[in-house]
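Chemist: I am attaching a structure below and will ask some questions about it afterwards.
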Amino acid sequence: MLADITLGQYYPGTSFVHKLDPRTKILATMSFIIAVFLAVSATSYAVLVAFVLSVIFLARLPVLLVVKSIKPLWIIIVLTMGIHLLTGQGEVIWSWKFISVTKEGLSMGVMMSLRLVLLLMISSILTFTTSPIVLTDGIEYLLKPFKRVGVPAHELAMMMTIALRFIPTLLEETDRIMKAQMARGAEFKGGNIIARAKGMLPILIPLFISAFRRADELAVAMESRCYHGGEGRTSMHELVYRHRDLLAALAMVVLIVIIGVLKWSNGLCVI
Amino acid sequence: MQPIIKVKNLTHIYTDGQNNKIKALDDINLAIMPGEFVAIIGTNGSGKSTLARHFNALLQPTEGKCFVNGLDISVDENIWHVRQNIGMVFQNPDNQIVASIVEEDVAFGPENIGIPHAEIRPRVEAALASVNMTEYAKHAPHLLSGGQKQRIAIAGVLALLPQCIVFDEPTAMLDPRGRKDIVKIVQNLNKEKHITIVYITHKMEEAILADRVIAMEKGKIVMEGTPAEVFGQVKKIHELGLEAPLSAEVAEALRQAGYELSRDIITDEELATALCQ
């Protein structure tokens, strides 16, 4: 039942985007997010959409796959759209009884929901083109400078690694426990929310006990293999910036400049 | 020659959930020489795992001393030397694999002790080759069989280039095929790479492969000797709550029935030869 899950959403490939250093990709994603919040005019949104589309093309990802990534948040996107449509002030373009839609409300609604869509798409592109392990490496490197202010960079990365390792194992275990409880006559389907939540207890309790036991054994096994935190630790994969990373960085700078120019010059025009 | 592991008057007392003091090990003396293959047998709770965990400094003695290469394991500065030289493979293969890709997991040990980046990959490749898992280097561990996972766990220990590996019931959770693979790898490591092996097991068929068998009961060493010496005493083995290998059991039954058979018979071949005479 739970066996056919895939870990993360990595879409393996050898494209330019796939080969970029994870640090470049994380930083590029962050600068894109800044660009999205700087964008104010229809033109700048057009630039951003064009940028996302060209990244999808460069990464050779199926467009549909990236579009699907907005699915989990579609309700919020529709709500954002709706609220802006109904509460906008200004020139009324359509009305029915007490409901009226204004031109400003419409453009605000479209922009706000487009913002969400762009944010979702760009972060999905990051996870589609970067394997979780490489991503973890990248995050660890990027967080290193913040160690001095108390950010546990290595510990966070190790937690992510272990979580990635044990998610499939624990899912398998959940499946096994569910079957065992079903064999004893437990009922998981049907009934109201409270009944169903109660039905989950016989799964969760054994699962938690076993997870703690696993954690204990894993800790001992890690210690016996000389694990003693991030101090003096080396890595099999060394992250190296290459020419393509410079290229990607340049592209990001150009994007930010375009968006910035559009924002400020727009302001000037209004004045 | 200096023993690789030396245990002197070791006693280990721990407190259980009800605040009772329990003596898991009681005045143990033991020396394991380089290159030896030692099997430790005993029922559950006889203290064999507790003893093994001292070899790797995972546990510290309550009384007495434990030395690895002459270094006291209770001295903090020695712990990393001890853990690097005495590897440990546990029973549950799932709970000792850290990373979600096989080669990453094998690299975990060398990364921990700060091996330079360029030397890690050769080590990982050599370790995977010695357990015949080279082709699985990029696989996800949760998709492998129990036996394969256990081989990865062994590779993870081998990448640290240990002098000795302690196996704590490595085959208890495996199917017969996985068990056979592991036993074969353990023998190879001992014979070809001259790695000292300490092998804790419930399976007497595995224990007879060792150079020396140690039987434990209630925290004490009660029998010690070559497999033939130990398993020849079938009655005493039964008193410990254990079973001798099948051939030794059959030979004992035949002796009881009045046939004259040597007490050295512990393998099927030896039994067959004796019966044909």
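Chemist: Working only within the stretch A:71-86, note down all residues that are at pLDDT below 85 and either closer than 30 Å to A:Leu126 by Cβ or exposed (fewer than 12 other Cβ atoms within 10 Å of the Cβ) (or both).
Modeler: A:Lys71, A:Pro72
Chemist: Would you please list the contacts, defined by Cβ atoms under 8 Å and residues six or more apart or on different chains, that run from a residue in the stretch A:246-260 that is in the same structural domain as A:Tyr45 (by TED's automatic domain parsing) and within 16 Å of A:Lys19 (Cβ to Cβ) to a residue that is outside any helix (DSSP H, G or I) and modelled with pLDDT under 95?
Modeler: What qualifies is A:Ala248/A:Leu20.
Chemist: Right, something else. Between a first residue in the stretch A:158-177 that is more than 8 Å from chain B (Cβ to nearest Cβ) and a second residue that is part of a helix (DSSP H, G or I) and modelled with pLDDT under 90, which pairs have beta carbons less than 6 Å apart while being 6 or more apart in sequence or on different chains?
Modeler: Close Cβ pairs satisfying both conditions: A:Met160/A:Thr136; A:Ile177/A:Ile203.
Chemist: Tell me yes or no: at least one residue of the stretch A:219-239 is part of a helix (DSSP H, G or I), more than 30 Å from B:Ile115 (Cβ to Cβ) and at pLDDT 90 or above.
Modeler: no
Chemist: Taking the stated definitions as given, is B:Leu160 facing another protein chain (nearest Cβ under 9 Å), of a type in the set (A, V, I, L, M) and within 18 Å of the chain's Cα centre (by Cα)?
Modeler: Here the answer is yes, as B:Leu160 does meet what is asked.
Chemist: Name every residue in the stretch A:138-154 that is surrounded by fewer than 17 Cβ atoms within 10 Å (Cβ to Cβ) and more than 14 Å from chain B (Cβ to nearest Cβ), in order of residue number.
Modeler: Once the filter is applied, which keeps residues that are surrounded by fewer than 17 Cβ atoms within 10 Å (Cβ to Cβ) and more than 14 Å from chain B (Cβ to nearest Cβ), the stretch A:138-154 yields A:Leu142, A:Leu143, A:Lys144, A:Pro145, A:Phe146, A:Lys147, A:Arg148, A:Val149, A:Gly150, A:Val151, A:Pro152.
Chemist: Would you be able to tell me the number of residues in the stretch A:233-259 that are exposed (fewer than 15 other Cβ atoms within 10 Å of the Cβ) and touching a Leu at 6+ places or on another chain (Cβ under 7 Å)?
Modeler: 1
Chemist: List, please: which pairs have Cβ atoms under 8 Å, are six or more places apart or on different chains, and start with a residue in the stretch B:136-147 that is within 19 Å of B:Pro170 (Cα to Cα) and end with one that is assigned to a loop (DSSP other than H, G, I, E, B) and aromatic (Phe, Trp, Tyr)?
Modeler: none
Chemist: If you check A:Leu255 against the conditions, is it away from every other protein chain (no Cβ under 14 Å) and either polar (S, T, N, Q) or in contact with a Phe, Trp or Tyr (Cβ under 7 Å, 6 or more places away or on another chain) (or both)?
Modeler: yes
Chemist: Let me ask something else about it. Quick check on this structure: which one of B:Ala118, B:Ala137, B:Ala126 is surrounded by fewer than 23 Cβ atoms within 10 Å (Cβ to Cβ), over 25 Å from B:Ile40 (Cβ atoms) and modelled with pLDDT of 95 or more?
Modeler: B:Ala126
Chemist: Would you be able to tell me the number of residues in the stretch B:101-114 that are surrounded by 21 or more Cβ atoms within 10 Å (Cβ to Cβ), in contact with a Leu (Cβ under 9 Å, 6 or more places away or on another chain) and facing chain A (nearest Cβ under 7 Å)?
Modeler: The qualifying residues number 2.
Chemist: Of the residues B:Val98, B:Val131, B:Val89, only one is within 11 Å of another protein chain (Cβ to nearest Cβ) and within 20 Å of B:Asn188 (Cα to Cα); which?
Modeler: Going through B:Val98, B:Val131, B:Val89 in turn, the sole match is B:Val89.
Chemist: Can you list the strands (runs of 3 or more DSSP E) found entirely within the stretch B:1-88 that contain at least 3 residues being within 17 Å of B:Arg212 (Cβ to Cβ)?
Modeler: Per the criteria, B:5-15, B:21-32, B:37-41.
Chemist: What helices (runs of 4 or more DSSP H), lying completely within the stretch A:71-160, carry at least 1 residues that are charged (D, E, K, R)?
Modeler: Result: A:103-129, A:132-143.
The values are calculated or read from the model by the stated rules, or taken from the named source; none is laboratory data. For clarity, every value in this text was computed on a predicted model and none was experimentally measured. Positions of Cβ are backbone-derived with ideal geometry, glycine not excepted, and every protein chain shown enters the neighbour counts.
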